[in-house]
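Structure first, then comments.
Read the figures in this text as sums done on the coordinates, not as results from a lab. Given the structure is predicted, the values throughout are model-derived calculations rather than measurements. Reconstructed Cβ throughout: ideal geometry from the backbone, glycine too, with neighbour counts over all protein chains shown.
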Amino acid sequence: AQRVTQPEKLLSVFKGAPVELKCNYSYSGSPELFWYVQYSRQRLQLLLRHISRESIKGFTADLNKGETSFHLKKPFAQEEDSAMYYCALTTASKLTFGTGTRLQVTL
Amino acid sequence: NAGVTQTPKFQVLKTGQSMTLQCAQDMNHEYMSWYRQDPGMGLRLIHYSVGAGITDQGEVPNGYNVSRSTTEDFPLRLLSAAPSQTSVYFCASSYFGTGRNTEAFFGQGTRLTVV
């Protein structure tokens, strides 16, 4: 069975502080990992995926197969980063989400 | 390009009533799915489909029914609404399979209240 774990329900940081949203997964095969973001009362949208290895809005995420992790990082948090973040795992047959982490960036 | 269209945006039901949430996509995606979003619970998969005529249960299927008669449409039916089904519902679609862009596209959500 595939599973995605996001241990933190809420992460509160000050503006300019580093951010790390944790994501761990379990899957026996080769998964595709994604981060999706949901701004207030909007639909979910893709933030980034592990295969592209790109930085979006200053966020990066590295897939660590040894630790089965895909943590989302940003060196300096901005107010507009406040949102709900979901880690997701796609396999050949199913898309599974974690329970999400709410990031709150305060002044 | 409309993407994923989900209707209605808001709905209030009385306990015991039935209704259908509509979801349509115009991207020729094989994979479609329904999630409910509850505070502290994240997105939980209700039902999903990997193609026309094929559906399967997710982690919280009880009280819901789906069908996939066409590639484009994936309606979600509430058979007899209960207050526990008060939630925000999202429909999503994507390609699936290795070597393909499996980014999921979401509908705008349906805020359902059962009284």
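Details
- Spin-label model distance (nm) - A:Glu20 vs A:Lys73, 7 Å beyond Cα toward Cβ: 0.7 nm
- Other protein chain Cβ atoms within 10 Å, averaged over every residue that makes up B:61-70: 0
- Of all lysines in the structure, the ones whose alpha carbon falls short of 17 Å from that of A:Lys57, not counting any fewer than 8 places away in one chain, are A:Lys15, A:Lys73, A:Lys74.
- Positive-end residue of B:Cys23, B:Ala81, B:Val66, charge dipole of the stretch B:1-111 with Cβ unit charges: B:Ala81
- Candidates A:Phe59, A:Phe34, A:Phe76, ranked by Gaussian network fluctuation over chain A, Cα under 10 Å, top entry: A:Phe76
- In a reduced charge model with +1 at each Lys and Arg Cβ and -1 at each Asp and Glu Cβ, chain B shows a dipole moment near 360 debye about its Cα centre.
- Average silhouette area of the stretch B:1-112, convex hull of alpha-carbon atoms, in square nanometres: 6.9 nm²
- Mean-position separation - Cα centroids, the stretch A:22-66 and the stretch B:58-106, in angstrom: 21 Å
- Diffusion coefficient, µm² s⁻¹, Stokes-Einstein with Kirkwood Rh over alpha-carbon pairs of the protein assembly as shown at 10 °C and 1.306 mPa s: 89 µm²/s
- Above-threshold pairs, the threshold being 27 Å between Cα atoms, out of A:Lys9/A:Lys65; A:Lys65/A:Lys94; A:Lys22/B:Lys9: A:Lys22/B:Lys9
- Whole-Hz couplings from phi, Karplus 6.51/-1.76/1.60, listed for the stretch A:89-102; x for Gly and Pro: 10, 10, 10, 5, 10, 8, 10, 10, 10, x, 7, x, 10, 8
- Most mobile listed residue (B:Asn28, B:Asn62, B:Asn101) in chain B, GNM with C-alpha springs under 10 Å: B:Asn101
- The mean count of C-beta atoms from other chains within 10 Å of the C-beta of residues in A:88-96, rounded to a whole number, is 6.
- FRET efficiency, 1/(1 + (r/R0)^6) with R0 45 Å, evaluated for B:Ser80 and A:Ile56 via beta carbons: 0.55
- Amide N proximity, the stretch A:1-35 versus B:Arg100 label position 7 Å along Cα-to-Cβ, cut-off under 15 Å: A:32
- Shape call, chain A: gyration tensor on alpha carbons, a/c limit 1.5: prolate
- Per-residue shielding of B:101-109, expressed as the average number of other chain Cβ atoms within 10 Å of the residue Cβ, stands at 6.
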